[in-house]
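Here the structure is laid out as structure tokens; the discussion comes afterwards.
None of the figures in this text is laboratory data; all of them are computed from the coordinates on show. Here the structure is a predicted model, which means the values were calculated and not measured. Quick reminder, even Gly has a Cβ in these numbers, built from the backbone with ideal geometry, and neighbours come from all protein chains shown.
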Amino acid sequence: MVWLLFFILAAGLTIYSLIDTQDSRDNVYRVDEDELPDELHPTVENKKNQLLEDASEIGIDVVITDGIRTIEEQEEIYERGRTKEGQIVTYAEGGESYHNYGLAVDFALRTEEGRISWNTEADRNDNGEADWVEVAELAKDLGFEWGGDWESFQDYPHLQMDFGLSIRELQNGKRPEAEPPEEE
């Protein structure tokens, strides 16, 4: 009899957790576009500008190719290599990217001829180190996380600041506060 009671209790808890998980998953994908920022977080904006300056000082012309994205824009990018032509460039659906919350930017490098390049091995400032890696190091020194360091899917153009917040927390409405400007 005790084992039957135990079994019923365990089954009930399992069903409850599945329902609770489903509810949580449903909430995750219900990000209200009206509640999302329409510009980069002020700290991300300031650090992005500092990155551009710092890179320029060592002879590297960085171009920000993407910043904040709408849910719709993220969905379009997610569909590349799936239902649309092209290669898979992201595993983040709409509402699952730090871009949707103004906490990420993508970059490329401008060549002397003015072309935009994603060549991660070029050393155009001739110092013996790939310019892309130099930019990534500068960005990390400024507090960015670099997608090139990720183990599962390396996203070399991607820089983000998560402020210790997960995507789920952002989806549920939590937002990082702006950091006060640094004194010079």
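Based on the inverse mean of 1/r over its pairs of different Cα atoms, what is the Kirkwood hydrodynamic radius of the stretch 64-173, in Å?
Here the Kirkwood hydrodynamic radius works out to 15.0 Å.
Scan the stretch 78-184 for trypsin sites (Lys or Arg not before Pro) in coil per DSSP, keeping those whose Cβ has at most 14 other Cβ atoms within 10 Å, and list them by number.
Passing sites in the stretch 78-184 are Arg82, Arg115, Lys174.
The orientation-averaged projected area of the convex hull spanned by the Cα atoms of the stretch 94-156 comes to 5.5 nm². In this simple spin-label model, placing a label point 7 Å from the Cα along the Cα-to-Cβ direction at both Glu112 and Arg82 gives a separation of 4.3 nm.
Pairs from the table (Lys84/Lys140; Lys140/Lys174; Lys48/Lys174) lying more than 26 angstrom apart at Cα are Lys84/Lys140.
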